[in-house]
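**Student:** Pasting a structure here, questions to come.
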Amino acid sequence: MHLDVAVAKVSKYAVAESGDTIEMIERPGGGVSFVVVDGQRSGKSAKAISNIVARKAVSLLAEGVRDGAAARAAHDYLYTHRSGKVSATLNIVSIDLASRTLVLSRNSHCPIVMIRDGQLELLDQPSDPVGVHRGTKPVIMEFALEPGITVVIYTDGLSAAGERKGQPLDVPQAVRHLMGYQLTARQLSRALLDRALALDDQRPADDISLLVLTISRFEQPNDARWLNMSMPL
């Protein structure tokens with residue numbers, strides 16, 4: 001099997017810094033975790049919030065702490081640090097090679113879109129953001145690693161695209177439509193971001209971040225890994 005992950009991000013129009021943070025960390029037991037955080041509001045204040053949450057989660061994951069415990073600790077830290085006055089959404093997606101599972105941890109009102117066996121599933125159990133309510137816990141889902149899995153995780157800037165025109169982006173429906181084109185993770189992330197930007201006339205009304213993960217049957221002859229990044233300077 002082969003893992004591909006792609007990330008797409010853009011900040012709110014006329015705001016220099018995105019309030020979203022996405023981090024990657026290799027797991028000590030084998031595998032990799034991605035942390036996606038959307039801080040309350042936008043700009044520098046939101047970035048400060050999302051950085052607090054992401055740093056705490058990543059540091060614990062690097063020490064071998066399980067995903068659910070890392071998410072709860074990140075919540076407790078933000079709740080204590082900001083006295084319960086600010087919030088952030090937090091998603092953790094992990095490829096755990098020790099258990100051979102895909103682990104999804106969600107503290108967000110945005111659902112996770114998942115494709116398995118050619119069928120689209122919406123993982124939308126009730127979930128609260130971190131930082132506000134004492135005792136907040138993540139929704140944890142675990143799946144066996146198998147070919148044909150696609151996961152789309154996104155912040156609310158994606159689903160809010162087009163709201164100014166009364167035509168918000170239906171993310172699950174967009175993914176369902178794009179499924180038929182057999183796109184790579186990078187192609188799917190770009191297609192979704194392009195749709196959102198088009199709906200907002202290239203002037204996004206909010207920070208937009210999305211992460212696309214795919215597992216395929218592709219077998220490569222060695223253990224090499226690649227990481228590519230592209231951004232304006």
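**Student:** On the given criteria, is residue 4 assigned to a helix (DSSP H, G or I) and acidic (Asp, Glu)?
**Tutor:** On the way: assigned to a helix (DSSP H, G or I): no; acidic (Asp, Glu): yes.
Considered against the rule, which asks whether it is assigned to a helix (DSSP H, G or I) and acidic (Asp, Glu), residue 4 comes out as no.
**Student:** Name every residue in segment 131-182 that is in a helix (DSSP H, G or I) and either charged (D, E, K, R) or touching a Cys at 6+ places or on another chain (Cβ under 9 Å) (or both), in order of residue number. Talk me through it step by step, then tell me what you get.
**Tutor:** Within segment 131-182, the first condition is being in a helix (DSSP H, G or I), and the residues that meet it are 156-159, 163-165, 171-179.
Within segment 131-182, 156, 158, 159, 163, 164, 165, 171, 176 meet the criteria.
**Student:** Does residue 108 qualify as being in contact (Cβ under 8 Å) with a residue 60 or more places away in the chain and polar (S, T, N, Q)?
**Tutor:** Values: in contact (Cβ under 8 Å) with a residue 60 or more places away in the chain: yes; polar (S, T, N, Q): yes.
Yes: the conditions hold for residue 108.
**Student:** Exactly one condition in (1) surrounded by 13 or more Cβ atoms within 10 Å (Cβ to Cβ); (2) touching a Ser or Thr at 6+ places or on another chain (Cβ under 8 Å) is false for residue 172; which is it?
**Tutor:** (2)
**Student:** Inspect segment 64-73 for any residue being among the β-branched types (Val, Ile, Thr) and either buried (at least 22 other Cβ atoms within 10 Å of the Cβ) or not in a helix (DSSP H, G or I) (or both) and give the result as yes or no. It would help to see each step written out before you state the result.
**Tutor:** To start, the set of residues in segment 64-73 that are among the β-branched types (Val, Ile, Thr) comprises 65.
If we keep only those that are either buried (at least 22 other Cβ atoms within 10 Å of the Cβ) or not in a helix (DSSP H, G or I) (or both) too, we end up with 65.
Yes, some residue in segment 64-73 is among the β-branched types (Val, Ile, Thr) and either buried (at least 22 other Cβ atoms within 10 Å of the Cβ) or not in a helix (DSSP H, G or I) (or both).
**Student:** Taking segment 23-60 as the region of interest, how many residues are in a strand (DSSP E or B), among the small types (Gly, Ala, Ser) and buried (at least 22 other Cβ atoms within 10 Å of the Cβ)? Break it down stepwise before answering.
**Tutor:** Narrowing segment 23-60 to residues in a strand (DSSP E or B): 23-26, 31-39.
Adding the requirement that they be among the small types (Gly, Ala, Ser) leaves 31, 33, 39.
So of that shortlist, the ones also buried (at least 22 other Cβ atoms within 10 Å of the Cβ) come out as 33, 39.
Selection size over segment 23-60: 2.
**Student:** Conditions: (1) assigned to a strand (DSSP E or B); (2) touching a residue at least 40 places away in the same chain (Cβ under 8 Å); (3) crowded, with 21+ Cβ neighbours inside 10 Å; (4) not polar (S, T, N, Q). Residue 114 meets all but one. Number of the miss?
**Tutor:** (2)
**Student:** Of all residues in segment 3-22, which are surrounded by fewer than 18 Cβ atoms within 10 Å (Cβ to Cβ) and among the charged types (D, E, K, R)?
**Tutor:** If the condition is that a residue be surrounded by fewer than 18 Cβ atoms within 10 Å (Cβ to Cβ) and among the charged types (D, E, K, R), then 4, 17 are the ones that fit.
**Student:** How many of the residues making up segment 87-111 are among the polar types (S, T, N, Q) and either in a loop (DSSP other than H, G, I, E, B) or more than 19 Å from residue 47 (Cα to Cα) (or both)? Spell out how you get there, then give the answer.
**Tutor:** Our first condition is that a residue be among the polar types (S, T, N, Q); within segment 87-111, this holds for 87, 89, 91, 94, 99, 101, 105, 107-108.
Those left that are additionally either in a loop (DSSP other than H, G, I, E, B) or more than 19 Å from residue 47 (Cα to Cα) (or both): 87, 94, 99, 101, 105, 108.
Final tally of qualifying residues: 6.
**Student:** Now, a different point. May I ask you to say which residue of 194, 200 is of a type in the set (D, E, K, R) and free of Cβ contacts under 8 Å to residues at least 12 places away in the same chain?
**Tutor:** 194
**Student:** Going by the structure shown, is residue 6 out of contact with any helix residue (DSSP H, G or I) (no Cβ under 8 Å at 6 or more places or on another chain) and under 22 Å from residue 232 (Cβ atoms)?
**Tutor:** Numbers: out of contact with any helix residue (DSSP H, G or I) (no Cβ under 8 Å at 6 or more places or on another chain): no; under 22 Å from residue 232 (Cβ atoms): yes.
Taking the combined requirement at face value, the residue does not satisfy it.
**Student:** Still on this structure, I have one more. Might you let me know whether segment 207-229 holds any residue that is touching a Lys or Arg at 6+ places or on another chain (Cβ under 6 Å) and within 22 Å of residue 14 (Cα to Cα)? Outline the logic, then answer.
**Tutor:** Within segment 207-229, the first condition is being touching a Lys or Arg at 6+ places or on another chain (Cβ under 6 Å), and the residues that meet it are 207, 209.
Then drop every residue that is not within 22 Å of residue 14 (Cα to Cα), which leaves 207, 209.
There is at least one residue in segment 207-229 that is touching a Lys or Arg at 6+ places or on another chain (Cβ under 6 Å) and within 22 Å of residue 14 (Cα to Cα).
**Student:** Quick one: how many residues across segment 122-131 are surrounded by fewer than 15 Cβ atoms within 10 Å (Cβ to Cβ) and under 14 Å from residue 150 (Cα atoms)?
**Tutor:** The qualifying residues number 1.
**Student:** Right, something else. Counting just the residues of segment 146-169 that are crowded, with 21+ Cβ neighbours inside 10 Å and aliphatic (A, V, I, L, M), which one comes out nearest to the chain's Cα centre (by Cα)?
**Tutor:** 153
Only the coordinates and a few stated rules stand behind these numbers; no lab work does. Just so you know, these numbers come straight off a predicted model, no measurement behind them. Methodologically, a virtual Cβ is constructed for each residue, glycine included, from the backbone with ideal geometry; neighbour enumeration extends over all protein chains shown.
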